[in-house]
Amino acid sequence: MMPQFRAPWLALSLLLIACSGPLLSPVTSERRAVRAESDRSKTLTVLHVLVWDDGSPPRNELRLPAGAYTLEASDDEYWYLRSAGPIELKETHRGGKTDTRHLAGGIMLGKYSFRAIPAAAYIDGDSAASRILIWKAPGAFLAGEGRDWRRSF
């Protein structure tokens, strides 16, 4: 006999918590339309290599190189700041084989504080007017401002 829940919202909450693991993956693929920016004074400086992964053990890992990221584009929600060097994306398969890709891209920084995705990593899309959001930044990214990275604006 199944227990009867007097508070259906509690049962739903427990179910959502139990299922939340796979739904919270930072890896994504979202095409975004952008417009070019000419104000190169807006920069984000990464003070040391940033490594983001998708769990323990990680199946996917993203490495953002240290250095200056320069504003190259924007849309209504984000500024797109390009890394001077390639970002590195690693995927570990069953059996331990790892695929590594070096891609042109950078960091997307939200224009507003209260966003579902306040920051992310992106790569080039199929045209000058598109970028692809590939990785949602970990929650600690914004808290690392001043310690891990800083911006000029």
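Readers should treat all values here as calculations from the given coordinates under stated rules, not as data from a laboratory. Small disclaimer: the values here were computed from a predicted structure and weren't measured. As a convention, Cβ positions derive from the backbone with ideal geometry for all residues, glycine included, and neighbour counts pool all protein chains shown.
Worth pointing out:
- Over all Cα atoms in region 25-151, the spread is summed up by Rg and Dmax: 14.1, 47 Å.
- Contact order for region 25-151, expressed relative to its length and based on alpha carbon pairs under 8 Å spaced 6+ residues apart, stands at 28 percent.
- Inter-label distance for Lys97 and Ser113, nm, one decimal - labels placed 7 Å from Cα along Cα-to-Cβ: 4.8
- Most to least packed among 64-70, 116-122 [average Cβ atoms within 10 Å]: 116-122, 64-70
- Among Phe114, Phe141, Phe153, a tally of other beta-carbon atoms within 10 Å of each Cβ gives an order, fewest to most, of Phe114, Phe153, Phe141.
- Sequence-distant residues sharing a close amide H with Ala137 (under 5 Å, placed H): Ala119, Ala120, Ala121
- Each peptide in 46-55, 92-101 was scored by the mean count of other Cβ atoms within 10 Å over its residues; highest first, the order is 46-55, 92-101.
- Stretching the chain fully between Arg31 and His48 yields a gain of 3.3 nm (0.36 nm per residue, less the alpha carbon separation).
- Vicinal HN-Hα couplings computed from phi for region 145-153 (Karplus, 6.51 cos²θ - 1.76 cosθ + 1.60; Hz; Gly/Pro x): 4, x, 9, 9, 7, 8, 10, 9, 9
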